[in-house]
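The values are calculated or read from the model by the stated rules, or taken from the named source; none is laboratory data. Keep in mind that what you see is a predicted model, and the values were worked out from it rather than measured. For neighbour counting, all protein chains shown are included, and Cβ atoms are generated from backbone atoms with ideal geometry for every residue, glycine included.
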Amino acid sequence: MNESQIIEYESLARSNQAFMADLEAAATRVIRSGWYVLGQEVTAFEAEFASYVGAKYCIGVANGLDALILSIEALDLPKGSDILVASNTYIATILAIVRAGHNPVLVEPELATFNMDPAHLPQAMTGNTRAICVTHLFGKTCRMDAIVAFANVHNLKVIEDCAQSHGARLGTQMTGTFGDTGCFSFYPTKNLGAMGDAGAIVTNDEAIADRLRHTRNYGSKQKYVNRYIGHNSRLDEIQAALLRVKLRHMNAMTQHKRALAEVYFTNLPEWVAKPVRRPDEHDVFHIYGIRHPHRDALRQHLLDHGVKTEIHYPIPPHQQEAMQGILTGRYPVAEELHATELSLPISFGHTLDDVARVAEVIGGFDHTGNTL
């Protein structure tokens, strides 16, 4: 098999090729301007992204993890508060809670959707619970109607981890606008990806926005005047300029990924556990995650036929070495998801024919774990 027959899980060069001339022009514009940190490009991107999401304010930061840490700090919770978080989330969500000085309390997800199950929130509550940090995994929104209603009853703050959900909607409302803050990563593989690390926070709260503009910049908005103990976490001018280019194409990129997903839904065999679709949820398919009890054998079968895949994620947070002594207990739903999930190619750089071939290769794998 030659390289031209291999379907990569992700090719960033291929995904960005359609925008190359505009990306190069944007980078050149910034370089020639002589202004590289917190300038006009960041200001413009913040306004454009806030408008896209439907939020009043956007604050550009260095990456998605910082977006989460700064957001949690901006809520000014009592130190050592308990924050409810999905038991199968990516580790960054939990790291942010710990880094901000609080305690992650795990909540099991829905097996069918990978997202936090609102039905499990009451049993996870403690007398010290002050917030919920949700993660919209794989490009599917959590059930924010139920989660926000629960938070309101119990006077809890809500932080949304939107690293995988750019443009996802529940009804007509986009992720990032349900909670007190919405935290975005623009890591290069995201649906809206930069050419390096980048992130942003959106909010409708003016006081939170003002504090974040301080804390991302050493706690200062006025040079040498420091109001808060801050961070150095600033979205740089070149990344902002590149993101502005790609944001103009965001709807087209989303439509393409949804079209690729439709090919999978139509062509994958019935014995594959496919993503769940609901009428009021607009999924953007950052990841097309299937499940199968013989996941590892299926992955090898695909690789043997020239198809590369990923696993999101192989080790659940409570089993990570770094979390020993922080996270305790068993989380069987998370453990099953981590043991059975397989992510199929679904990037802007893939074609309909690419994903049709992936589905065809999967069809040659018996549900018992044997090749046909």
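Before we move on, is residue 9 part of a loop (DSSP other than H, G, I, E, B), among the hydroxyl-bearing types (Ser, Thr, Tyr) and either outside the structural domain of residue 173 (by TED's automatic domain parsing) or out of contact with any Ser or Thr (no Cβ under 7 Å at 6 or more places or on another chain) (or both)?
yes
Mind checking whether some residue in the stretch 63-70 is at pLDDT 95 or above and over 23 Å from the mean Cα position of the chain (by Cα)?
The answer is no; no qualifying residue exists.
Listed residues 41, 48, 24; which is over 30 Å from residue 337 (Cβ atoms), at pLDDT 95 or above and in contact with a Leu (Cβ under 8 Å, 6 or more places away or on another chain)?
Answer to the selection: 48.
Report, by residue number, each residue of the stretch 70-92 that is touching a residue at least 24 places away in the same chain (Cβ under 8 Å) and surrounded by fewer than 24 Cβ atoms within 10 Å (Cβ to Cβ).
Once the filter is applied, which keeps residues that are touching a residue at least 24 places away in the same chain (Cβ under 8 Å) and surrounded by fewer than 24 Cβ atoms within 10 Å (Cβ to Cβ), the stretch 70-92 yields 73, 75, 77, 78, 80, 81, 82, 90, 91, 92.
Here is a check on your reading of the model: is residue 227 more than 21 Å from residue 137 (Cβ to Cβ) and either part of a loop (DSSP other than H, G, I, E, B) or aliphatic (A, V, I, L, M) (or both)?
Spelling it out, residue 227 is indeed more than 21 Å from residue 137 (Cβ to Cβ) and either part of a loop (DSSP other than H, G, I, E, B) or aliphatic (A, V, I, L, M) (or both).
Out of 135, 126, 177, report the one residue that is touching a residue at least 40 places away in the same chain (Cβ under 8 Å), closer than 17 Å to residue 114 by Cα and among the polar types (S, T, N, Q).
Going through 135, 126, 177 in turn, just one is touching a residue at least 40 places away in the same chain (Cβ under 8 Å), closer than 17 Å to residue 114 by Cα and among the polar types (S, T, N, Q): 135.
Restrict the check to the stretch 227-236 and report whether at least one residue is among the aliphatic types (A, V, I, L, M) and surrounded by 23 or more Cβ atoms within 10 Å (Cβ to Cβ).
yes
One residue is enough: does the stretch 185-205 have a residue meeting the conditions more than 11 Å from the chain's Cα centre (by Cα) and aromatic (Phe, Trp, Tyr)?
Scanning the stretch 185-205 turns up no residue that is more than 11 Å from the chain's Cα centre (by Cα) and aromatic (Phe, Trp, Tyr).
Exactly one condition in (1) in a loop (DSSP other than H, G, I, E, B); (2) of a type outside the set (S, T, N, Q); (3) buried (at least 18 other Cβ atoms within 10 Å of the Cβ) is not met by residue 278; state its number.
Result: residue 278 fails condition (3) only.
Quickly run through the stretch 308-350 and pick out the residues that are without any contact (Cβ under 8 Å) to a residue 60 or more places away in the chain, part of a loop (DSSP other than H, G, I, E, B) and at negative phi.
The answer is 311, 314, 315, 328, 330.
Looking at the stretch 334-345, can you tell me whether even one residue there is more than 30 Å from residue 256 (Cβ to Cβ), surrounded by 19 or more Cβ atoms within 10 Å (Cβ to Cβ) and not polar (S, T, N, Q)?
Checked the stretch 334-345: at least one residue is more than 30 Å from residue 256 (Cβ to Cβ), surrounded by 19 or more Cβ atoms within 10 Å (Cβ to Cβ) and not polar (S, T, N, Q).
Residues of the stretch 137-166 being farther than 23 Å from residue 125 by Cβ and surrounded by 24 or more Cβ atoms within 10 Å (Cβ to Cβ), which ones?
Within the stretch 137-166, 139, 140, 162, 163, 164, 165, 166 qualify.
Give the residue, chosen from 197, 205, 210, that is acidic (Asp, Glu), at pLDDT 95 or above, within 19 Å of residue 90 (Cβ to Cβ) and surrounded by fewer than 20 Cβ atoms within 10 Å (Cβ to Cβ).
One residue alone meets the criteria, 197.
Which residue out of 221, 274 is more than 18 Å from the chain's Cα centre (by Cα) and modelled with pLDDT under 95?
One residue alone meets the criteria, 221.
State all residues of the stretch 283-297 that are within 14 Å of the chain's Cα centre (by Cα) and either over 30 Å from residue 250 (Cβ atoms) or assigned to a loop (DSSP other than H, G, I, E, B) (or both); if no residue qualifies, say none.
283, 284, 285, 286, 287
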